[in-house]
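One structure is given here, and the rest of the page talks about it.
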Amino acid sequence: MKVDLRQQLKASHTPEKIRQRLAQGQSHSYLRDFVYGAVDGAVTTFAVVSGVVGADLATHIIIIMGMANLVADGFSMAVSNFLGIRSEKQLLEKARLEEKRHIEAYPEGEKEEIRQIYTNKGFSGDILEEAVQIITANKKQWANTMLQEEYDLPLNQVMAWRAALATFTAFLLVGFIPIAPFLWNYLSQYPFTNPFLWSSIGTGGAFFAIGAIKSRFVDKLWYLSGLETLVLGGAAASLAYLIGDLLKGLA
């Protein structure tokens, strides 16, 4: 296994491969936006369905409330993601302009910041001074270095509308699963005997699958991440069902 990994790393770390990778920069994974949209879609929609079932309301009420939650919450989450990413980009541009003004107004002080940053990284003597001169010779690179090292801001560009679309799409697709058996019963001549059971099974499978996929981003074993999402999603649904059962007399 170690030999295989070494060979893989050797093949991907040629000067040309490294140059291409660095030129492309770090790209944003919209799969992450999709996964978290799916998690929220499954949890919230199944919670609504569970609450309405707990209140012992009619099938058409379950469909109406479930679909209303699906569209409204999905859109709200997508908008929140869009605005959050826009705010991050605006913060980055504000910091960039501020750094450029500082560089123009007092370059000696900004050079000293670069010097101390690279001193903390282990540079010293002539090598340190050479690194400072190289970085500060290009004002764009100078400002970018300050954004990363001083403000800890990422420079990779994220398309806010793509992230929002990924979130909204995932929310609709996965959030529809809890409603599907009830909609089938409403439209079909061959209804399920217990649509809530099928809704629970389908949503439970979605919870586990989403958690397993999420493990790619949280560095956790896939089955543990799947079980965690299943348990948390099931807890939210159980709470909603309990509240619906307690308040069904008001319906």
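Just a few scattered comments:
- Across the stretch 49-69, the number of residues qualifying as in contact with a Leu (Cβ under 7 Å, 6 or more places away or on another chain) and over 19 Å from Ile177 (Cβ atoms) comes to 1.
- Leu172 under 28 Å from the mean Cα position of the chain (by Cα), open to solvent by less than 80 Å² (accessible area, probe 1.4 Å), touching a residue at least 40 places away in the same chain (Cβ under 8 Å) and under 24 Å from Gly74 (Cβ atoms): yes
- Within the stretch 31-49, residues that are basic (Lys, Arg) reach partners that are open to solvent by 10 Å² or more (accessible area, probe 1.4 Å) with beta carbons closer than 8 Å, at six or more positions or on different chains, in the pairs Arg32/Phe217.
- Any chance Ile179 is in contact (Cβ under 8 Å) with a residue 40 or more places away in the chain and open to solvent by 40 Å² or more (accessible area, probe 1.4 Å): no
- Positions within the stretch 153-165 being assigned to a helix (DSSP H, G or I) and surrounded by 15 or more Cβ atoms within 10 Å (Cβ to Cβ), in sequence order: Ala160, Ala163, Ala164, Leu165
- Qualifying residue in the stretch 75-86 (condition: over 30 Å from Asp245 (Cα atoms), over 24 Å from the mean Cα position of the chain (by Cα) and hydroxyl-bearing (Ser, Thr, Tyr)): no
- Inclusion of Asp4 among residues that are open to solvent by less than 100 Å² (accessible area, probe 1.4 Å), modelled with pLDDT of 70 or more, more than 30 Å from Leu165 (Cα to Cα) and assigned to a helix (DSSP H, G or I) is warranted.
- A count restricted to the stretch 69-120 and to residues that are within 30 Å of Gly175 (Cα to Cα) and not in a helix (DSSP H, G or I) stands at 0.
Let's see how each residue does on (1) at pLDDT below 85; (2) open to solvent by 20 Å² or more (accessible area, probe 1.4 Å); (3) closer than 28 Å to Leu227 by Cα:
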| residue | (1), (2), (3) |
| --- | --- |
| Leu57 | yes, yes, no |
| Ser76 | no, yes, yes |
| Leu83 | no, yes, no |
| Leu91 | no, yes, no |
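- Of residues in the stretch 96-145 being crowded, with 17+ Cβ neighbours inside 10 Å and of a type in the set (Val, Ile, Thr), the one nearest to the chain's Cα centre (by Cα): Thr145
Okay, residues lined up against (1) open to solvent by 40 Å² or more (accessible area, probe 1.4 Å); (2) touching a residue at least 60 places away in the same chain (Cβ under 8 Å); (3) at negative phi:
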| position | (1), (2), (3) |
| --- | --- |
| Thr167 | no, yes, yes |
| Thr203 | no, yes, yes |
| Phe208 | yes, no, yes |
| Leu227 | yes, no, yes |
| Asp245 | yes, yes, yes |
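Results for (1) touching a Ser or Thr at 6+ places or on another chain (Cβ under 8 Å); (2) modelled with pLDDT of 90 or more; (3) of a type in the set (D, E, K, R), shown as yes or no for each residue.
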site: Gly109; (1), (2), (3): no, yes, no
site: Glu129; (1), (2), (3): no, yes, yes
site: Gln133; (1), (2), (3): no, yes, no
site: Asn138; (1), (2), (3): no, yes, no
site: Trp142; (1), (2), (3): yes, yes, no
site: Met159; (1), (2), (3): no, no, no
site: Ala164; (1), (2), (3): no, yes, no
site: Thr169; (1), (2), (3): no, yes, no
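- Some residue of the stretch 210-217 being of a type outside the set (Ser, Thr, Tyr), assigned to a helix (DSSP H, G or I) and either surrounded by fewer than 14 Cβ atoms within 10 Å (Cβ to Cβ) or more than 21 Å from the chain's Cα centre (by Cα) (or both): yes
The values are calculated or read from the model by the stated rules, or taken from the named source; none is laboratory data. This one's a predicted model, so the numbers in the text were calculated from it and none came from an experiment. Don't worry about glycine lacking a Cβ; one is built from the backbone with ideal geometry, like all the others, and counts go over all protein chains shown. These accessible areas exclude ligands, DNA and RNA; they are computed on the full protein's heavy atoms, side chains included. Shrake-Rupley method; radii C 1.70, N 1.55, O 1.52, S 1.80 Å.
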